[in-house]
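Here's the structure, in structure tokens; my notes come after.
The values are calculated or read from the model by the stated rules, or taken from the named source; none is laboratory data. As the structure is a computational prediction, the values presented were derived from the model and not from experiment. Cβ coordinates were reconstructed from backbone atoms using ideal geometry, including for glycine residues, and neighbour counts include every protein chain displayed. Just the protein is used for accessible areas: all its heavy atoms, side chains included, with ligands, DNA and RNA removed. Shrake-Rupley method; radii C 1.70, N 1.55, O 1.52, S 1.80 Å.
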Amino acid sequence: MRNICFVACMFLCLVSASGKTAKNHPFISIADSILDNVLNLYQTEDGLLTETYPVNPDQKITYLAGGAQQNGTLKASFLWPYSGMMSGCVAMYQATGDKKYKKILEKRILPGLEQYWDGERLPACYQSYPAKYGQHGRYYDDNIWIALDYCDYYRLTHKADYLKKAIALYEYIYSGWSDELGGGIFWCEQQKEAKHTCSNAPSTVLGVKLYRLTKDKKYLDKAKETYAWTRKNLCDPTDFLYWDNINLKGSVSKDKYAYNSGQMIQAGVLLYEETGDEQYLRDAQKTAAGTDAFFRSKADKKDPSIKVHKDMSWFNVILFRGFKALEKIDHNPTYVNAMAENALHAWRNYRDANGLLGRDWSGHNEEPYKWLLDNACLIELFAEIEK
């Protein structure tokens, strides 16, 4: 454990600089190897990626409009895991300045992403499965993650088309806002039954990012309103973690996932930076402490003294976004270092012969089919650790 802490902290202390390469920055090297593995192993003939490697012959198409299920093996991944590749490439380009990652993003990932674009139903957005296979469900949160990436990539490139895409997605996302329950955004356009933290917390982050890029106050005002609604309706007052959703009858689903709280941490930090209101920062610190205690609690298979984040990989990575944002303000590296140590330990001990990891970082679960998102998200994580 001490060796892991030492290595992780040593890497975390590296000075950020443009022009980083995989040769002299170990976490970038890990991220780069995962990116290459995914692009090689998961590729399809039509420029998309498979949902798992190897392909799971029993996996069904479940993201149809209305929640129906279709028989037949998946021909490509769903939008959500595919979008993780966009996040990873943006993070790598931001961390390194290496145009290799810009090329991969613009020549391979973004053209594939456009195969999910649904311009027939307005407002237009990305649907959950490639449009050439028919109409499928459209999820507000799926589109939020992509809009966030477009914001970050526009900030790096200053190419107007990326900002325009982020704004167009914002308009789609807020078409899912309604007055029921006093506000809030639904989860799925075709299933307007509940309002989820995963639709509202990242929308707050998106609003602040768009405000910073455009200086249009409407984005900041709506971000504050969205944050307040989520805080009021979905925060557990006992530990300051966030519940999953509230349905239109007012019943709260009290499941807790790391990414929900992680996005409220990041939202609180961003709103604090823009407003100076210290309540946002206090909220973020309380949620960070509660989230770390709740999720970093699973005993590692090889060394039970190591406590591993128990949620799935991508949820952990989105939580890491919140921890990174908070560390920038309060300079407390505890949560960031712990996540880095967990990820590094999992990478060293539990990746398979193909260099892929499952969603369980503790090593207890054998996963014959490695999910695209579980590995795509690690590209972002190791790139962000290096920064």
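So here's what we get for this one:
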item	result
Residues being assigned to a helix (DSSP H, G or I) and either farther than 16 Å from TYR335 by Cα or open to solvent by 10 Å² or more (accessible area, probe 1.4 Å) (or both) - total across region 277-291	10
From the options TYR93, TYR101, residue that is in contact with a Cys (Cβ under 9 Å, 6 or more places away or on another chain) and either assigned to a helix (DSSP H, G or I) or among the aromatic types (Phe, Trp, Tyr) (or both)	TYR101
Only one of LEU156, LEU181 that is touching a Lys or Arg at 6+ places or on another chain (Cβ under 7 Å) and touching a residue at least 60 places away in the same chain (Cβ under 8 Å)	LEU181
Considering residues of region 335-380 that are among the acidic types (Asp, Glu) and open to solvent by 30 Å² or more (accessible area, probe 1.4 Å) only, the residue farthest from ASN37 (Cα to Cα)	GLU366
Residue within region 197-210 that is within 28 Å of LEU326 (Cβ to Cβ), in a strand (DSSP E or B) and either at pLDDT 95 or above or open to solvent by 50 Å² or more (accessible area, probe 1.4 Å) (or both) present	no
Odd one out for THR50 among (1) within 20 Å of the chain's Cα centre (by Cα); (2) open to solvent by 50 Å² or more (accessible area, probe 1.4 Å); (3) closer than 21 Å to PRO368 by Cα; (4) of a type outside the set (D, E, K, R)	(2)
Top-ranked residue of region 237-264 - restricted to ones that are in contact (Cβ under 8 Å) with a residue 40 or more places away in the chain and among the charged types (D, E, K, R), ranked as farthest from CYS198 (Cα to Cα)	ASP239
Given (1) in a helix (DSSP H, G or I); (2) in contact (Cβ under 8 Å) with a residue 12 or more places away in the chain; (3) surrounded by fewer than 19 Cβ atoms within 10 Å (Cβ to Cβ), index of the condition GLU114 fails	(2)
Positions within region 289-319 being under 22 Å from GLU273 (Cβ atoms) and either polar (S, T, N, Q) or out of contact with any strand residue (DSSP E or B) (no Cβ under 9 Å at 6 or more places or on another chain) (or both), in sequence order	ALA289, GLY290, THR291, VAL317, ILE318
Residue, nearest to the chain's Cα centre (by Cα), within region 253-296, restricted to residues that are farther than 12 Å from GLY322 by Cα and aromatic (Phe, Trp, Tyr)	TYR257
Close pairs (7 angstrom Cβ cut-off, 6 or more residues apart or separate chains): closer than 15 Å to GLY262 by Cα and at pLDDT 95 or above in region 332-353, open to solvent by less than 10 Å² (accessible area, probe 1.4 Å) and in a helix (DSSP H, G or I) anywhere	TYR335/ALA288; TYR335/PHE323; VAL336/PHE323; MET339/ASN316; MET339/PHE320; MET339/PHE323
Top-ranked residue in region 281-331 [being touching a residue at least 40 places away in the same chain (Cβ under 8 Å) and of a type in the set (Ser, Thr, Tyr); ranked as farthest from LYS254 (Cα to Cα)]	SER305
1 or more residues touching a helix residue (DSSP H, G or I) at 6+ places or on another chain (Cβ under 7 Å) and within 16 Å of THR287 (Cα to Cα): qualifying helices (runs of 4 or more DSSP H) within region 297-387	313-330, 334-350
Residues (closer than 24 Å to LYS215 by Cα and over 24 Å from the mean Cα position of the chain (by Cα)) located in region 163-182	none
Per-region count, region 248-276, residues open to solvent by 60 Å² or more (accessible area, probe 1.4 Å) and of a type in the set (Ser, Thr, Tyr)	2
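Quick grid of which residues meet (1) touching a Lys or Arg at 6+ places or on another chain (Cβ under 7 Å); (2) surrounded by fewer than 23 Cβ atoms within 10 Å (Cβ to Cβ); (3) modelled with pLDDT of 95 or more:
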residue: GLN70; (1), (2), (3): yes, yes, no
residue: TRP80; (1), (2), (3): no, yes, yes
residue: VAL90; (1), (2), (3): no, no, yes
residue: CYS125; (1), (2), (3): yes, no, yes
